[in-house]
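The values are calculated or read from the model by the stated rules, or taken from the named source; none is laboratory data. Given the structure is predicted, the values throughout are model-derived calculations rather than measurements. Neighbour counts run over all protein chains shown; Cβ positions are idealised from the backbone, glycine included. Just so you know, the surface numbers come from the protein's heavy atoms only, side chains and all, with ligands and any DNA or RNA stripped out. Shrake-Rupley method; radii C 1.70, N 1.55, O 1.52, S 1.80 Å.
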Amino acid sequence: MDSVPRVVTPRKHAHCYKNVVAFPPHTSALDLTAPASDALLKNRKNAWIQLAGHPGSFAPAGPNTIWKKRITKENYETKTYEALMDDPNTESIIPCFYREVEYNAEFFIEIEDLLQHFNDPNIMDIKMGKRTFLESEVKNAVLRKDLYEKMIALDPNAPTTEERENQAITKLRYMQFREQESSTADLGFRIDAIRMSGEMPHANLKKTKSKEQVSCVVRQFLGSSKALPVICRRLRDIRHRFECSKFFTTHEIIGSSLLIMYDKQDKSGVWMIDFAKTIPIDAGMVLNHRSPWQLGNHEDGYLNGMDSLIEVCEGLLKEQSTSVENERTET
């Protein structure tokens, strides 16, 4: 197959194309096995970073865009981006979506590289929701040795006697184990990874579970940054837009993340990302994203996570305000 990318779904939003660089004919720069060429990346302010997600699923495309590989045969992510961008209420809470592309017999989406807006930013990837598995996975009884090994690496005492005999567990068992080990089950979100300015990413946060532990990580991430009040407002705005969106009432959202970034100039931003498992529910059903999950109701707890995250951040904002006030009183 010719290596020239084939555009499958062009976008009609003109404002999204103002910074897009055209690719030269027969370029192989977008192959995920290699970084983009120097010619395409010469204007990048940042070394490109993949903080979380499947290794090899992302690649820099040009100075202002990235490619994300489709990891499932369905194009749920493309449909979600299209729907959210076509709604003035939600287009501002996601990276700009440009197109779906077929390349070397694989499919990719091209989206805005959010790093372009920052200078060596601090980054946090937060996995949202109380449920991290699809309802279809409940019936998957395949036993997997790799997931058993991941479980015992986190907690050697976690497997049951039967699981020890089999040396394998189902994906559902592993996902629910992960939910209980992290803050997902109680708070409705977990911190997947952070990257502080000038440092390598840190992803060893699998056992950050309690509200106090989560608050500590967020406090370390934000420090005394002046970006905290802006981030709090942005989170509240995303929650409000989410609650007002008809799209979200008819789709379950599994494995989606919030990406938080800020830099030394206190420029900050928060976006919803990762929609590969954002799936339409049966006609006539309506989700509120806060009700407890029962098989068949498709509730995912996304807004439980938003409520908890906002509470944590506003608690830190109150601490910050108190500290500033105390310093003023002492002087």
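Is segment 272-323 rounded, prolate or oblate when judged by the Cα gyration tensor, a ≥ b ≥ c being the square roots of its eigenvalues, rounded requiring a/c under 1.5 and prolate requiring a/b larger than b/c? Mind dumping the intermediate values first?
Working: a/c = 4.27, a/b = 2.53, b/c = 1.68.
Note, shape of segment 272-323 comes out prolate.
Structure shown: which of LYS79/LYS277; LYS139/LYS246; LYS211/LYS277; LYS130/LYS171 lie over 19 Å apart, alpha-carbon to alpha-carbon? Walk me through the intermediate numbers first.
On the way: LYS79/LYS277 11 Å; LYS139/LYS246 29 Å; LYS211/LYS277 27 Å; LYS130/LYS171 16 Å.
Flagged as over cut-off: LYS139/LYS246; LYS211/LYS277.
Leaving out ligands and nucleic acids, note down the accessible area per residue over segment 127-257 with a 1.4 angstrom probe, in whole Å².
49
Accessible surface of VAL142 in the full protein assembly, 1.4 angstrom probe, to the nearest 10 Å²?
Accessible area of VAL142: about 90 Å².
Given a 1.4 Å probe and the protein chains all in place, what does the accessible area of VAL138 round to, in Å² to the nearest 10?
Roll a 1.4 Å probe over it and VAL138 shows about 40 Å².
Along the principal axes of its C-alpha atoms, what lengths does segment 238-331 span, in descending order and rounded to whole Å?
62, 26, 20
So, in nm, how far is label GLU314 from label LYS264 when the simple model puts each one 7 Å beyond its Cα toward the Cβ?
Each label point is offset 7 Å from its Cα along the Cβ direction, giving 3.4 nm.
Convex hull over the Cα atoms of segment 135-208, averaged projected area in nm²?
6.1
Restricting attention to segment 161-200, which GluC sites (Glu not before Pro) occupy a DSSP loop and are surrounded by at most 15 other Cβ atoms within 10 Å?
Loop-located and lightly packed - GLU199.
Give me the extension gain from ILE71 to SER92: residue separation times 0.36 nm, minus the current Cα-Cα distance, reported in nm with one decimal.
5.0 nm
Ordering LEU134, LEU143 by accessible area with a probe of 1.4 Å, largest first, what comes out?
Ranking LEU134, LEU143 by accessible area, largest first, yields LEU143, LEU134.
Given a 1.4 Å probe and heavy atoms of the protein chains only, how would you sort MET196, MET306, largest accessible area at the top? All intermediate terms of the calculation are to be shown ahead of the outcome.
Numbers: MET196 40, MET306 0 Å².
Reading off the accessible areas and sorting them downward yields MET196, MET306.
Which order do you get for HIS202, HIS117 if you rank them by accessible area with a 1.4 Å probe, largest at the top?
Sorted descending by solvent-accessible area, the residues read HIS202, HIS117.
Rounded to the nearest 10 Å², what accessible area does LYS211 show when all protein chains are kept and the probe is 1.4 Å?
Counting only protein heavy atoms, LYS211 exposes about 80 Å² to solvent.
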